[in-house]
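First the structure, in the form of structure tokens, and then the observations on it.
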């Protein structure tokens, strides 16, 4: 099969959707099929596209409540048709098809089989009425072109389920487990009272509530430290919160690379992601699980879809500072409970390896392709 993977975001900036698309292409090619990534060309990218990439249109940085990325803002329709005529794709797989503009233009012109994957927890994002007025009719207009719909979690289906009663298959997000060395469940962290946050510093991530809880925690045990990695619009406000409330032991690291993140996950006692809403899944939770780093997470529905069974002990209401602090202390210091959590994580993480995720997508492609061949001999 020849498969086109359509991503409306800047493939060179990183992000969960982009990582999924890159891993999917690699896995598809490894299984003997052809695969190409169709994406806008960022305005600051002047080179020829990398191998396996097809640029269609141009993109620029858009900052909104639902995304901060380069999105397609202009389309060369002659180029679009040229791509479709030249490559003759069997499958076009659209990631976040609700994002204007590239998906809609391809869908209306393509005769390929159309697969869609919804990644975002749209129903939990506090979007403006103006945004909803644009996106809802836009999404409705593309549903008729989709042959198969998938989503990364039940939470990611909520938005599209409000627009259609059609079946939506769940295929989870994944990670490359080869990047992580599985620690034995009894291995102690190198920094036994170090708490780590990695993520964007913005309101919905709940870092201000983590700081409130950490203040309560160090009042009980001043041996704890908190590392906050990442950047975003709330960084200065959060730094002011630390200073004005005299919270000790907090360090803002700014952006860290992937190698540093993996090292800190292995060193820290607890990874904490107190997101309030807008999380459809939680790849960062998978990374912590794969690293053996015990986790405390916000009790949003996307995280709950990952932290199941014994993993539920990770979930906490970030706004309850005292309970949040107690959970951080308990999961950092209670050795038997940590061992239970890490046994669960080690047993659960295998299903999220990209090799498993790619197999599920390829099976969906094959089923749709065989059905199409049977009805269009």
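No lab work stands behind these numbers, since they all come straight from the coordinates. Quick caveat, the model's predicted, so the values are computed rather than measured. Note that each Cβ is placed from the backbone with ideal geometry, even for glycine, and that neighbours are counted across all protein chains shown.
Using Cα-Cα distances under 8 Å and only pairs 6 or more residues apart, what relative contact order does the chain have, in percent?
Reported relative contact order: 15 percent.
Dividing the alpha-carbon radius of gyration of the chain by 2.2 N^0.38 Å (N being the number of residues), what value is obtained?
Computed over Cα atoms of the chain, the ratio equals 1.03.
On a full-extension model of 0.36 nm per residue, what is the gain between residue 86 and residue 51, subtracting their alpha-carbon distance, rounded to one decimal in nm?
Result for the pair: 11.0 nm of gain on full extension.
Out of the DSSP beta bridges found with both residues in the chain, what percent are antiparallel (nearest 5)?
10 percent
Quick one: the Cα spread of segment 178-350 along its three principal axes, in angstroms, biggest first?
43, 32, 29 Å, listed from the longest principal axis down.
Cut-off is 10 Å between beta-carbons; in what order do 266, 193 appear when sorted fewest neighbours first?
By the 10 Å Cβ count, ascending: 266, 193.
For 268, 108, which order do you get if you count the other beta carbons within 10 Å of each Cβ and list the fewest first?
Fewest-to-most Cβ neighbours within 10 Å comes out as 108, 268.
I'm checking a number: the convex hull volume of the Cα atoms of segment 284-353, normalised per residue, in Å³. What is it?
76 Å³
Using a 10 Å cut-off on Cβ atoms, rank the peptides 354-361, 246-253 from the highest mean neighbour count down.
354-361, 246-253
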